[in-house]
Amino acid sequence: MDILAHMLWANYGARVGNKKLEKKKKPLIKLGWVTFFGVFPDLFAFTIPFCIAIFNMLFNSQSLSSMRNHHVLAGGFDIASFLYQFSHSIVIWAVVFIVVWIIYKRPRFELLGWALHIAIDIFSHSAQFYPTAFLSPVSDFKFLYGISWCNIWYMIINYSLLLIVTLYFFKKKKVV
């Protein structure tokens, strides 16, 4: 899924979660952090290759096409795919979640934005474009039959649902 949609779904999920936490008098989910963690997996996987590609374009006279593939290091090493397997792993997320829980002595629900990102990507990526190995490093299993997030129908449905949820929150609070 695209970064904007990941941000919005994580943010809106946290808003719903905060309603439940408010009733139980529990610490609320910080919207800025959950939104950040909603895009963290893609930032982790694609920021370094993007910066390398921009550097190569500016200083090594490479074309814009070098940004289309992520084989930006010598030997064709696909750094984005390498990083993607770690940032899109529910196993790694769970380890981080537990370690952070131990450190803070309570669950940090902001990290659920990261888990939601992984869950969405499992079904919104196909075999042709970054299938999500969500059990890495335990298994390299990937759900290969997802509907690509850049499919026009997927985009229409996704952003229509986001618009409905946005209008709901706007109507509910008059602040989104």
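Readers should treat all values here as calculations from the given coordinates under stated rules, not as data from a laboratory. On a predicted model such as this, the values are computed, not experimentally measured, just so you know. FYI the Cβ positions are ideal-geometry reconstructions off the backbone, even for glycines, and counts take in every protein chain you see.
The table that follows gives values for the structure above.
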item: Degrees, to the nearest 10: 152-173 long Cα axis against longest axis of the chain; result: 30 degrees
item: Ratio of the Cα radius of gyration of the chain to 2.2 N^0.38 Å, where N counts its residues; result: 1.15
item: Computed E for THR166/PHE59 - FRET, C-beta separation, R0 45 angstrom, nearest 0.05; result: 0.60
item: In sequence order, calculated HN-Hα J values of the range 21-26 (Karplus, 6.51, -1.76, 1.60; Hz; x Gly/Pro); result: 5, 4, 5, 8, 6, 9
item: Between helix 112-124 and the chain: long-axis angle, C-alpha atoms, 0 to 90°, nearest 10; result: 60 degrees
item: Cβ-Cβ FRET estimate between LEU144 and LYS23, R0 fixed at 35 Å, reported to 0.05; result: 0.30
item: 3J(HN,Hα) from dihedral phi, the range 128-138, Karplus parametrisation 6.51/-1.76/1.60, rounded to Hz, x for glycine, proline; result: 7, 9, 6, x, 8, 7, 5, 9, 4, x, 6
item: In order through the range 82-95: 3J(HN,Hα) via Karplus (6.51 cos²θ - 1.76 cosθ + 1.60), integer Hz, x for Gly, Pro; result: 4, 6, 4, 5, 7, 6, 10, 9, 5, 5, 5, 4, 4, 4
item: Degrees, to the nearest 10: 31-59 long Cα axis against longest axis of the chain; result: 20 degrees
